[in-house]
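Read through the structure below, which is laid out as structure tokens, and then see the notes.
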Amino acid sequence: MKKSVTLYTDGACSGNPGLGGYGGILIYGDVKREYSGSEMDTTNNRMELFAVIIGLKRLKYPCKVDVYSDSAYTVNAFLNGWLDSWRANGWKKADNKPVLNTDLWEELYALTKTHDVTFHKVAGHADNALNNRCDELARSAIAELRKTLPKELPQQDDAEKL
């Protein structure tokens, strides 16, 4: 029997594209494990997907996983069957435009074949403490990345004025 795990995730971007961060919380019984990371030139949607991928990759063996995310992009792709349609249509959307982030979608799809994953949509920036904590982790990861950048590079606030 597969163990049941809960995974909360969030992604953030300072500029879109811009500096990005992701955060997640894996919960098994009374044990909670947080994780986060960042990327230099990315988008909010990529960070949302990456947050789920990293969480699922941290599991050592196949599990039953309930994923909670405020990303309609991520959750609806599974709940509304978009991902299956995109794959069947050669990674093209209904309007025949190419699907973005296919590298991450393919990786996430493969992970959903290893794990028994159920996606749940939660309201973003609302009263869900675990979702809010994931947002904090993602934003903190961006702040830490920003500290490593040379001072002569414009900060996001300055870049938005250009």
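Please go through the stretch 61-81 and pick out each residue that is part of a loop (DSSP other than H, G, I, E, B) and over 24 Å from residue 138 (Cβ atoms).
Scanning the stretch 61-81 gives 61, 62, 80, 81.
Answer yes or no: is there a residue in the stretch 82-91 that is in contact with a Pro (Cβ under 8 Å, 6 or more places away or on another chain), surrounded by fewer than 17 Cβ atoms within 10 Å (Cβ to Cβ) and either modelled with pLDDT under 95 or hydrophobic (A, V, I, L, M, F, W, C) (or both). Write out each step before concluding.
Initially, the stretch 82-91 is screened for residues in contact with a Pro (Cβ under 8 Å, 6 or more places away or on another chain), giving 91.
Cutting the leftovers down to surrounded by fewer than 17 Cβ atoms within 10 Å (Cβ to Cβ) gives us 91.
Going one step further and asking which of them are either modelled with pLDDT under 95 or hydrophobic (A, V, I, L, M, F, W, C) (or both), we end up with 91.
Scanning the stretch 82-91, I find at least one residue that is in contact with a Pro (Cβ under 8 Å, 6 or more places away or on another chain), surrounded by fewer than 17 Cβ atoms within 10 Å (Cβ to Cβ) and either modelled with pLDDT under 95 or hydrophobic (A, V, I, L, M, F, W, C) (or both), so the answer is yes.
Let's see how each residue does on (1) closer than 26 Å to residue 145 by Cα; (2) basic (Lys, Arg); (3) assigned to a loop (DSSP other than H, G, I, E, B); (4) out of contact with any strand residue (DSSP E or B) (no Cβ under 7 Å at 6 or more places or on another chain):
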site	(1), (2), (3), (4)
46	yes, yes, no, no
83	no, no, no, yes
95	no, no, yes, yes
125	yes, no, yes, yes
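Name the residue that is farthest from residue 18 (Cα to Cα), counting only residues in the stretch 118-142 that are of a type in the set (A, V, I, L, M) and under 13 Å from the mean Cα position of the chain (by Cα). Steps first, please.
Step one: list which residues in the stretch 118-142 are of a type in the set (A, V, I, L, M), which gives 122-123, 126, 129-130, 137-138, 141-142.
Keeping just the survivors that are under 13 Å from the mean Cα position of the chain (by Cα) gives 137-138.
Numbers: 137: 17, 138: 13 Å.
So the residue we want is 137.
I want to confirm something. Restricting to the stretch 27-42 and keeping residues that are aliphatic (A, V, I, L, M) and under 21 Å from residue 68 (Cβ atoms), which single residue is surrounded by the fewest Cβ atoms within 10 Å (Cβ to Cβ)?
Checked the stretch 27-42; the qualifying residue surrounded by the fewest Cβ atoms within 10 Å (Cβ to Cβ) is 31.
Answer with yes or no whether residue 45 is in contact with a Ser or Thr (Cβ under 8 Å, 6 or more places away or on another chain) and surrounded by fewer than 17 Cβ atoms within 10 Å (Cβ to Cβ). Outline the logic, then answer.
Values: in contact with a Ser or Thr (Cβ under 8 Å, 6 or more places away or on another chain): yes; surrounded by fewer than 17 Cβ atoms within 10 Å (Cβ to Cβ): no.
No.
I'd like to verify a number: residues in the stretch 8-44 that are touching a strand residue (DSSP E or B) at 6+ places or on another chain (Cβ under 8 Å), under 13 Å from residue 142 (Cβ atoms) and assigned to a strand (DSSP E or B), how many?
Residues meeting the conditions: 18.
The values are calculated or read from the model by the stated rules, or taken from the named source; none is laboratory data. As the structure is a prediction and not an experimental result, all values here were calculated from the model. Reconstructed Cβ throughout: ideal geometry from the backbone, glycine too, with neighbour counts over all protein chains shown.
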